[in-house]
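All remarks here apply to the structure that follows.
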Amino acid sequence: MTGRNVTQSRRRFLALGGATAATALAGCSGILGSGDGGDGGSGGTDTGAGQVSLSDFRGSGPLVAQREAPGGTSIEDLPDLSGELTLYLGGGEGGLYLDLIELLEQRYPDFEAEQRLEASSDLANTIIEENEAGASPADVFMSIDAGSLGAVANAGATASLPEEALSTVPEAYQDSEGRWVGIAGRARAIPYNTNQISESDIPSTVQEFPEATALENSMGWAPSYGAFQSFITAMRLIRDDDETMAWLQAMQDHGITTYDDEFRVSNACADGELTAGFANHYYTLRVQSARESSPIGLAFTEGDAGALVNVSGLEIINGTDNADLASNFVRHVLSAEAQEFFATRTFAYPMIPGVAPVGDLPRIDDLNPPDINLTELADVAGTVDLLRDAGVL
Amino acid sequence: MGTKDRYERLREQATMSERDSSPHTLLAVVSLAISLLLLAPLVWVFLRAGEIEFTRALALLTSDTTVSVTLNTLALVTGVTTASILIGVPLAILTAQTDLPFKRFWTITSALPLVVPSYIGAFAFVSAFGPRGVLADLLSPLGVEQIPTIYGLHGAILVLTLFTYPYVFLTTRASLLSFDGTVVEAARTLNHTRLEAFRRVTLPQIAPGIAAGALLVALYALSDFGTPAIMQYDVFTRMIYNEFGARRLDYASVLSMLLLVMALGILAVESRLNAGRDGAYVSSGSRRPGLIRLGYWKVPAVLFCAAIASLCLVLPVGILLQWLLRSGTGYSGGGFAFEAAYAWNSVGLAAAAAAICVVAALPIAYLSARGTSAVSSLPERATYVGYAVPGVVLGLALVYLGLRYVPFLYQSVILLVFAYVIRFLPQAVGTTESSILQVDPQYIEAARSLGYHPLSAFRKVVLPLVAPGIAAGAALVFLTTMKELPATLMLRPTGFETFVTYIWLVQGAGYYGQAAVPALVLVGLSGLSMLVILRREDTS
């Protein structure tokens, strides 16, 4: 079982059997567990001080069944959270992240988080404005993309993160200067309709897509969506603006349909309206979770912008009066329980090695993301211009 | 006697009876102070734009993108305004002057679309008529492979028109109800055909009413962000938002300046049509003309009313109900639960904005209605500029200025309500002013001759008479505040959610089901305030 995971194709087909695949993965997850000396094994039944147990953090459904307890530092081993934290919370998944924060509030009656919920890029701009004017009311910024974290960091609006938190996360998923840290991974992927094509029909690099005859006039994308723009920003970083422009035009000549968001792209693949699309990986899992026998699979490209793994992340904001609480909060979000939450409830890639991704997803180490500095994804302006010039936006 | 004549008479009387000008000077000072306070935040736009080098600013202004976005915006504003007149005026005539069956019912359904936030309307239309929408699903078994796209200019015009034409409907209807019908009858006795009588007598009389509504529609179309964004049509607001997202505030402010210039242009055009002073939402209800008998036209007339009501009300409510029933976003988690506090926050903010607008509108409206000099309507005109400013720009300005100059007010309810007052005051000024115009100044004269101070004469005599107009203004401000999104998002206190911020958030996360109930409640609550506006017609 373990061997299967190591040798599997990176662009693998995501089978929908649910139970079989989940069991296969569950067999692996224990092996990597307990990496940080945390008491991962106790999580399953422990109810803790605030009567909040691992099962509260964990999602349910076919993709989550029979998982083993996560490894990593348990919140049992962290200092209690106490005090009031002002949290700027970015992104459309605010609803889900709120659940996590509520669980923490339940567990620690003395802890309260005031949340400000808006789009990540809007909040980043607000923090930068606030910082320029003196200080931001925010203690912590929780964002769904590295670009907005990078923008805040580049504006000099961050304070330092706790070493204990940074040390648990692979270097690729944190800022090189330790100004932000990833908390959940979001891989670019290719959802496709398994009735219409097989995995082998899908090119292994995005550059080949405009020539793929099987995908002619049958693909979809959501260019106004932040994650798509990060993907194009990555392409600009790896190649250059001219080549990116050529690719955008070639894709349009090839025939591609525009959607509002990538969940719709993924649903359209499951419905057979699209043969394939460009979307973050977890939308496919959401479709699978909601519609159990839908014919949707997931492929990954390799080593290029299409294989970008972006992160949701945290940073502590300059001028906070709550530095200790903020640091402790960051450590809690990187705990075994919280990482299990991201894996099983948002279907994101967990950021600590002790927690396995859900279902039949390849492990994050088995993905082959491009070698770029995620902080550079902050250059959205050039990308928006390019998309507009290409007639995509 | 026509509206115009009555004005002339009132104006003369006002001039004669209020010749001692001290109250007016005081009024002018107060009104000017209020309008300056309201316009102050817009200085930010110029401050930011001023940071750019001139050559770069010029390059930005003349770039292809700027030019095409300007043309797009003009096309949108012109299209929405024209279409609103084409829908609003016939509906007003049908409900005010004909023997249309169920007139009361059609009056309400024609006004109600104003309570549907245009971005919810836009989502509903995309859901219904989008590439994989309800209509496409219905038609695909019939072999219809593709339906014309809803996205683009025509979609944006369609949606904005359907949810803003009630401004034209309400003002035109008020003019129709208040103008003297005997003139039409006189024209008919002079052998004018009905159409000729309409063109030569009715139309000139209700033109200011139409223009007043069209002004609100045009400025709304200029400032709306959600609908063009959802319809994927590039206009100023969308560009400004994108530039802000890309952290290019200089370009954003140049675009904002251009947008303000367009707003001033619209105001100038409207001024030339000699509207504004006149007719907003008010009816005096005296001496109505005889009803026009529709005869064979009854059926098409009812069908027209029904078609508009279906598109504006049945369709969005139906789509919201469908969201409610079709659950399952694929998340296993519970998500983000609606709390009753959000509703109270919305209502509280809207009530505060309405109350302040009413108080601030009184001196401005009074001065504009009774002022003796040409500049007395300046404060009134100035308030419209705030209405034309997109919430995004106003939000940015108040974030910037608030942080630097009044940091203790930053992210406070006070600053948020201030933003609403800037944006929605002209709606209260319009209704209040036209009510004041209908009060005979001799009443004040009489009160003053009994020894009352001008202020208490106003309070005891004029205020009770204009109360219905004030109530209508308050209701309009209330319901537009309930719907406001961008400034609310940017300026609200942290942890302070409202109906619209909640709806925006959950629909952004794909939780359409969870957005449905608050959206329906929002529409319902706003609908109640619309009834206040329509009720006035019964009592006046």
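The values are calculated or read from the model by the stated rules, or taken from the named source; none is laboratory data. Here the structure is a predicted model, which is why all the values come from computation and not from measurement. Backbone-built Cβ (ideal geometry, glycine too); neighbour counts: all protein chains shown. SASA here: full protein model, heavy atoms, side chains in, ligands and nucleic acids out. Shrake-Rupley method; radii C 1.70, N 1.55, O 1.52, S 1.80 Å.
Structure values in brief
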{"quantity": "Qualifying positions in the range A:370-388 - modelled with pLDDT of 85 or more and open to solvent by 40 Å² or more (accessible area, probe 1.4 Å)", "calculated": "A:ASP371, A:ASN373, A:GLU376"}
{"quantity": "Among (1) surrounded by fewer than 23 Cβ atoms within 10 Å (Cβ to Cβ); (2) more than 7 Å from chain B (Cβ to nearest Cβ) - the single one A:MET142 does not satisfy", "calculated": "(1)"}
{"quantity": "Considering residues of the range A:268-284 that are part of a loop (DSSP other than H, G, I, E, B) and within 13 Å of chain B (Cβ to nearest Cβ) only, the residue surrounded by the most Cβ atoms within 10 Å (Cβ to Cβ)", "calculated": "A:LEU274"}
{"quantity": "Unmet requirement for B:ASP250, which otherwise passes all of (1) within 14 Å of another protein chain (Cβ to nearest Cβ); (2) under 20 Å from B:ILE120 (Cα atoms); (3) in a helix (DSSP H, G or I); (4) open to solvent by 30 Å² or more (accessible area, probe 1.4 Å)", "calculated": "(2)"}
{"quantity": "Residue check, B:ALA475 under 31 Å from the mean Cα position of the chain (by Cα), surrounded by fewer than 21 Cβ atoms within 10 Å (Cβ to Cβ) and not in a loop (DSSP other than H, G, I, E, B)", "calculated": "no"}
{"quantity": "Tally, over the range A:290-306, of residues that are open to solvent by less than 30 Å² (accessible area, probe 1.4 Å), within 14 Å of chain B (Cβ to nearest Cβ) and out of contact with any strand residue (DSSP E or B) (no Cβ under 7 Å at 6 or more places or on another chain)", "calculated": "1"}
{"quantity": "Within the range A:145-160, considering residues that are outside any helix (DSSP H, G or I) and open to solvent by 20 Å² or more (accessible area, probe 1.4 Å), the one farthest from the other protein chains (Cβ to nearest Cβ)", "calculated": "A:SER160"}
{"quantity": "Residue among B:PRO204, B:PRO228 that is assigned to a helix (DSSP H, G or I), within 20 Å of the chain's Cα centre (by Cα) and either surrounded by 24 or more Cβ atoms within 10 Å (Cβ to Cβ) or not small (Gly, Ala, Ser) (or both)", "calculated": "B:PRO228"}
{"quantity": "Unmet requirement for B:LEU463, which otherwise passes all of (1) in a helix (DSSP H, G or I); (2) closer than 28 Å to B:GLN322 by Cβ", "calculated": "(2)"}
{"quantity": "Every pair of residues 6+ apart whose Cβ atoms lie under 6 Å, when the first sits in the range B:490-503 and is at the interface with chain A (Cβ under 9 Å from one of its Cβ atoms) and assigned to a loop (DSSP other than H, G, I, E, B) while the second is open to solvent by less than 10 Å² (accessible area, probe 1.4 Å) and among the charged types (D, E, K, R)", "calculated": "B:THR494/A:ARG116"}
{"quantity": "Given (1) outside any loop (DSSP other than H, G, I, E, B); (2) among the acidic types (Asp, Glu); (3) more than 19 Å from A:GLY90 (Cβ to Cβ), index of the condition A:GLU302 fails", "calculated": "(1)"}
{"quantity": "Filter result (hydroxyl-bearing (Ser, Thr, Tyr) and either exposed (fewer than 12 other Cβ atoms within 10 Å of the Cβ) or part of a loop (DSSP other than H, G, I, E, B) (or both)) within the range B:51-67", "calculated": "B:THR55, B:THR62, B:SER63"}
{"quantity": "Some residue of the range A:344-354 being away from every other protein chain (no Cβ under 14 Å) and among the small types (Gly, Ala, Ser)", "calculated": "yes"}
{"quantity": "Given (1) buried (at least 17 other Cβ atoms within 10 Å of the Cβ); (2) under 24 Å from the mean Cα position of the chain (by Cα); (3) of a type in the set (Gly, Ala, Ser), index of the condition A:ALA133 fails", "calculated": "(2)"}
{"quantity": "Which numbered condition B:TYR233 misses (of (1) outside any helix (DSSP H, G or I); (2) more than 14 Å from every other protein chain (Cβ to nearest Cβ); (3) of a type in the set (Ser, Thr, Tyr))", "calculated": "(2)"}
{"quantity": "Selection count, the range B:410-463, where residues are closer than 15 Å to B:ILE356 by Cβ and not β-branched (Val, Ile, Thr)", "calculated": "12"}
{"quantity": "Leading residue by the ranking (most open to solvent (accessible area, probe 1.4 Å)) among those in the range B:387-440 that are of a type in the set (S, T, N, Q) and under 24 Å from the mean Cα position of the chain (by Cα)", "calculated": "B:GLN438"}
{"quantity": "Output for the range A:230-245, where each listed residue is assigned to a helix (DSSP H, G or I), under 26 Å from A:GLY185 (Cβ atoms) and either open to solvent by 10 Å² or more (accessible area, probe 1.4 Å) or within 14 Å of chain B (Cβ to nearest Cβ) (or both)", "calculated": "A:SER230, A:ILE232, A:THR233, A:ARG236, A:LEU237, A:ILE238"}
{"quantity": "Residue among A:GLY185, A:GLY178 that alone is within 16 Å of the chain's Cα centre (by Cα), at pLDDT 90 or above, more than 30 Å from B:ARG404 (Cβ to Cβ) and not in a helix (DSSP H, G or I)", "calculated": "A:GLY185"}
{"quantity": "Pick from the range A:104-121, criterion open to solvent by less than 20 Å² (accessible area, probe 1.4 Å) and hydroxyl-bearing (Ser, Thr, Tyr), ranking: farthest from the chain's Cα centre (by Cα)", "calculated": "A:TYR108"}
{"quantity": "Restricting the range A:246-258 to residues that are under 26 Å from the mean Cα position of the chain (by Cα) and within 18 Å of A:ARG388 (Cβ to Cβ), the residue that is nearest to the other protein chains (Cβ to nearest Cβ)", "calculated": "A:THR258"}
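Conditions tested, residue by residue: (1) assigned to a helix (DSSP H, G or I); (2) under 24 Å from the mean Cα position of the chain (by Cα); (3) in contact (Cβ under 8 Å) with a residue 24 or more places away in the chain; (4) within 11 Å of another protein chain (Cβ to nearest Cβ).
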position: A:THR73; (1), (2), (3), (4): no, yes, yes, no
position: A:LEU96; (1), (2), (3), (4): yes, yes, yes, yes
position: A:GLU102; (1), (2), (3), (4): yes, yes, no, yes
position: A:LEU123; (1), (2), (3), (4): yes, yes, yes, yes
